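No value in this document is a laboratory result; all are computed from the given coordinates. Worth saying up front: this structure is predicted, and the values here are computed from it rather than measured. Cβ placement follows ideal geometry from the backbone for every residue including glycine, while neighbour counts extend to all protein chains displayed.
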Amino acid sequence: MPDLPSLGDEQAAAILLLLFSEDEASGILSRLEPNEVEQLSSVMYSVADIGADEINTVLDRFVDRARHRTTIGYRSDIQIQAMLTAALGEQRAEVMISRTAPKKPAPNLEALKWMAPEEIAAMIEEEHPQIAALVLSFLSTDNAAAVLSLLPSDMQDDVVYRLATLGQVSNDAIETIEHLLTAFHAPKGSGTVATKGDPSEVAAIMNQVGKKNSARMIKALAKRDKKLAGTIEDEMFTFADLITVEPKDLGTIMRSVDNTQLVPALKGADEKLRAKILGCMSSRAAQTLEDEMNERGPMPMSEVIEAQKSVVAQARRLADAGDVVIGGGGDDYV
C-alpha cells in the first residue's frame, strides 16, 4: 500500500467504492464509461488491503472537497416547476417551462460502448447504411474501424459516405437503433447524440482499416463526392504527422522537396517537427534552409498551408511508390 501522501485520486475513488455496499457501488459504476470502470476495477485490487489510516485520509479528502460544493442544483427542476405552478397556475407554468427550461439531452446509444465489434457488425449488417453510419458515429475510432472492417465490402463504401455526411439525426433513427439494442438485449443509456458527419473522424477510421480497404473506400467515395474524398484523404496524413516518420524516410522526403516549398512549410511547423526535419538533413543543407527562413520574415498563413500540403502530397507519392513509409507503416496507411 502506498504512503498516505502519495494516494492519488484514482486510489481514493477505488477506496471509497470499496466502502460502499455492492448495490451502491454497482449504481456508481453503471454511470461510468467502460474505460473508467476498467481503470477503477484494476485500482481496487491494488488497494484491497487498506488500513484505517488510509480510509481516514480518503474520507477527510472527500469531506473537504464536498464542503466546497453547492447542493442548490439538486432536484432544482422539481423545485422550479412547483414554484412556477404555484405562481402562475399549471397551464401557464407549463408554457413558461417549455420556453425557459434547458432542453433534455436526446437518447444516447451508450450500450454500444460495451458491445464487441462482432456483435455490433452482426446487429447492423442487414440494416440501412444510414443506420449503420449512425451507429459508427457513437463508437471510438478503433471500435468503429473494427466494425466497419467486418461489414460486407459493398456496404462499407456506402457507410463511409453516409458517416462523413451524417447531418442532423432524426428521432426515428435513434428509435430504430434503440429497438436493435433491445433485440440484442443491450440496455439503453442517456446523454447526447452525434448530429453531423465529420471528415476528420472518418479519416481516423480509415487509418485503422488497412491500406487496401481504405484505398478502395476512398476511391468509391470520390465517385460520389470528389471534394469530400479529398478532404478525408488530406486528414488521413497531415504535415504535423511527419513527426511520426522514421528519420531515414523523412530525409528522403525532404530531399525531394524544393526549398521554395520547404521554407514556408517549416516556418509554420511545430518546433519539434522543425528540429526533426532539419536533423535529417546535412548540416550544410539545414543551415541554408534556416538562413532562408530568417531572410523571408513573416509569411501569410495561406502560403504556409499550401506549402505544407505540397510537402505532404510529395510524401504520399513517395509512399505510393514504395520509396518511404509514412503514417505508421505497413497496411495502416493509404
| request: Take the alpha-carbon centre of the stretch 27-49, take the same for the stretch 233-265, and report the distance between them in whole Å. | output: 42 Å
| said: Below 12 angstrom from the Cβ of Val159, what's the summed charge of the other residues (Lys, Arg +1; Asp, Glu -1)? | reply: -4
| query | Exactly which trypsin sites (Lys or Arg not before Pro) in the stretch 196-227 are in a DSSP loop and have at most 11 other Cβ atoms within 10 Å? | reply | Lys196
| said: Per-residue counts of other Cβ atoms within 10 Å, averaged by peptide: what ranking do you get for 259-266, 136-143, 157-164, 302-309, highest first? | reply: 157-164, 259-266, 136-143, 302-309
| Stokes-Einstein D for the stretch 4-67 at 20 °C, 1.002 mPa s, Kirkwood Rh over Cα pairs, in µm²/s? | 176 µm²/s
| task | Take the alpha carbon atoms of the stretch 233-334, find their radius of gyration, then divide it by 2.2 N^0.38 Å using N residues; give the quotient. | result | 1.02
| field | Estimated inter-spin distance, Asp64 and Lys113, nm [label 7 Å along Cα→Cβ] | value | 3.0 nm
